[in-house]
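Some notes on the structure that comes next.
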Amino acid sequence: MTKPSVTRAVFPVAGLGTRFLPATKAVPKEIMTLIDRPLVQYAIDEARAAGIEEFIFVTARGKGALEDYFDEAPALAAALRRQSKHELLAGLKRTEMASGAIAYVRQREPLGLGHAVWCARHLIGDEPFAVILPDDVIAAETPCLKQMVKAHAEIGGNLVAAMEVPRAQVSSHGILDAGGVRGDVIRVRGMVEKPLPDAAPSTLAVIGRYILTPEVLGRLGGQAAGAGDEIQLTDAIAAEIGGTGVHGFRFEGRRYDCGSKAGYLQATVAFALARDDMKDEFADFLNSIMEFRVAAE
Ligand code: UTP
């Protein structure tokens, strides 16, 4: 069997998560749950499905719960075994990582996403690598990163996941200046981080899945702060447009911005409605509160 070309993924989780304060004062955003799985588990499952074998977390002070989450929990496992709770035991197994498969590096200060990715440079080496932002949760029949790995095997270079957003929202995203489009793949002529709506070259936004060349890390090393006074990943990728090349990838699936309260609630509703063990009860509940709202109006 041929080895997948992208086997390492970086998970930057060192941000402050201010949009979820005060909860994130004590609980890392990535540990918050959609139903019964923390956001980070969705990211790990997606990465595994895409063939990722090495998982590099960029963490910070206060993120200890994340490291605990991936450890073995022998007392808990023994109790579940005694009680013959096999399904729960299998779920617990999915949280464990083989020794050496997961690594943690620290970002000492939250200087931006680009800086967080740069902090992983010594663990990445000379091959293309993936970056996954766990607060972007993507519901898709074929996991988003798996779709991207397949496209990347054909086009190489740098590949960023992209989706259309309303023009009023472009200033929350990195936006693509799109050249030609072939199927799902967009040739990128330029990228701008958080433009004003009138200045945005398109409404195609970059979201939290990337496959990057090591050259991007070199760029990040010498890079000054950009939009929001943060070291922006977008700027380093944009600098590779004339180098190793940059494409956008229109993935199939639906993305939920679980870094925002509205997106997190939307994901909770959508995922509950997709779960066989919950959907009927939950749909009844949603219908009943909608009826109640209509009646109140
Ligand atoms: P966000 O801006 O969405 O997350 O960064 P945040 O900064 O944690 O949250 P808010 O905006 O204050 O609510 C996108 C991703 O980049 C990581 C975050 O952890 C998140 O996964 N990040 C951001 C870092 O690892 N380091 C940084 O300095 C900034």
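The values are calculated or read from the model by the stated rules, or taken from the named source; none is laboratory data. Small disclaimer: the values here were computed from a predicted structure and weren't measured. Virtual Cβ from ideal backbone geometry, glycine too; neighbours counted across all protein chains shown. Quick note on the areas: whole protein, heavy atoms, side chains included, nothing else; ligands and nucleic acids left out. Shrake-Rupley method; radii C 1.70, N 1.55, O 1.52, S 1.80 Å.
Under 18 Å from a point placed 7 Å out from the Cα of Arg108 along the Cα-to-Cβ direction: which residues of region 18-62 have their backbone N that close?
58-62
For the chain, modelled as a Gaussian network with Cα springs under 10 Å, which listed residue fluctuates most, Ala224, Ala238, Ala50?
Ala224
As an exercise, use a Förster radius of 25 Å and the Cβ-Cβ distance of Arg94 and Glu53 to find the FRET efficiency, rounded to the nearest 0.05. Display every interim value, and only then the final one.
Working: r = 16 Å, r/R0 = 0.63.
It comes out at approximately 0.95.
Write down the percent of antiparallel bridges among all DSSP beta bridges whose residues are both part of the chain, to the nearest 5.
On the way: 27 of 44 bridges.
Approximately 60 percent, going by the DSSP bridge assignments.
What span do the alpha-carbon atoms of region 1-96 cover on each of the three principal axes, reported in whole Å from largest to smallest?
Sorted largest first, the three principal extents are 41, 41, 22 Å.
Any idea how far the Cα center of region 205-282 sits from the one of region 1-60, in Å?
Rounded to whole Å, the Cα centres lie 12 Å apart.
Under the rule a/c < 1.5 gives rounded, and otherwise a/b versus b/c splits prolate from oblate, where does region 212-260 land using the Cα gyration tensor? All intermediate terms of the calculation are to be shown ahead of the outcome.
Values: a/c = 2.75, a/b = 1.30, b/c = 2.11.
Taking the square roots of the gyration eigenvalues as a ≥ b ≥ c, region 212-260 is oblate.
State the number of lysine pairs found in the chain whose Cα atoms come within less than 21 Å, restricting to pairs 8 or more positions apart or on distinct chains.
Lysine pairs meeting both conditions in the chain amount to 9.
Compute, for Arg167, the solvent-accessible surface of its heavy atoms (probe 1.4 Å) with the complete set of protein chains present, and express it in square angstrom to the nearest 10.
110
What 222 nm value per residue comes from the helices of the chain, counting each DSSP H run with n ≥ 4 as -39,500 (n - 2.57) and dividing by all residues, nearest 500 deg cm²/dmol?
Rounded to the nearest 500, the figure is -9500 deg cm²/dmol.
Place a point 7 Å from the Cα of Thr244 along the Cα-to-Cβ direction; which residues of region 198-217 have their backbone N under 12 Å from it?
The answer is 211-217.
Do me a favour and compute the ellipsoid semi-axes for region 156-266 from its Cα gyration tensor, root of five times each eigenvalue, largest one first, whole Å. Walk me through the numbers before you get to the answer.
Working: eigenvalues 89, 60, 39 Å².
Working from the Cα gyration tensor, I get semi-axes of 21, 17, 14 Å.
Considering only Met97, Ala49, Thr7, whose Cα is most displaced toward the positive end of the charge dipole of region 1-139, charges sitting on Cβ of Lys, Arg (+1) and Asp, Glu (-1)?
The residue sitting farthest along the positive end of the dipole is Met97.
Tell me, what % of the accessible area of region 114-227 is carbon and sulfur with a 1.4 angstrom probe? Each step should come with its number before you reach the end.
On the way: 2380 of 4840 Å².
Solvent-exposed carbon and sulfur of region 114-227 make up 49 percent of the total.
Could you check which residue among Glu30, Glu87, Glu72 shows the biggest mean-square fluctuation in a GNM of the chain with a 10 Å Cα cutoff?
Of Glu30, Glu87, Glu72, the most mobile in the Gaussian network model is Glu87.
With a probe of 1.4 Å, find how much accessible area region 258-297 has per residue, and write the answer as a whole number in Å². List each step's numbers first, then the result.
On the way: 2940 Å² over 40 residues.
It amounts to 74 Å² per residue over region 258-297.
For Glu281 and His122, what is the calculated FRET efficiency with R₀ set at 51 Å and r taken between the beta-carbons, to the nearest 0.05? Intermediate values should be presented prior to the final figure.
On the way: r = 49 Å, r/R0 = 0.96.
Step by step, r from the Cβ atoms, then E = 0.55.
Please state the shape class of region 100-183: rounded when a/c is under 1.5, otherwise prolate if a/b exceeds b/c and oblate if not, all from the C-alpha gyration tensor.
On the way: a/c = 1.76, a/b = 1.28, b/c = 1.38.
In terms of gyration-tensor shape, oblate.
Is the chain rounded, prolate or oblate when judged by the Cα gyration tensor, a ≥ b ≥ c being the square roots of its eigenvalues, rounded requiring a/c under 1.5 and prolate requiring a/b larger than b/c?
Working: a/c = 1.62, a/b = 1.23, b/c = 1.32.
Taking the square roots of the gyration eigenvalues as a ≥ b ≥ c, the chain is oblate.
Please compute the contact order of the chain in relative form: average sequence separation of alpha-carbon pairs under 8 Å and at least six residues apart, divided by the residue count, as a percent.
Details: 522 pairs, mean separation 63.9, N = 297.
Relative contact order here is 22 percent.
Counting only protein heavy atoms, what percent of the accessible surface of region 1-51 is carbon or sulfur at a 1.4 Å probe? Each step should come with its number before you reach the end.
Values: 1400 of 2330 Å².
In region 1-51, the share of accessible area belonging to carbon and sulfur is 60 percent.
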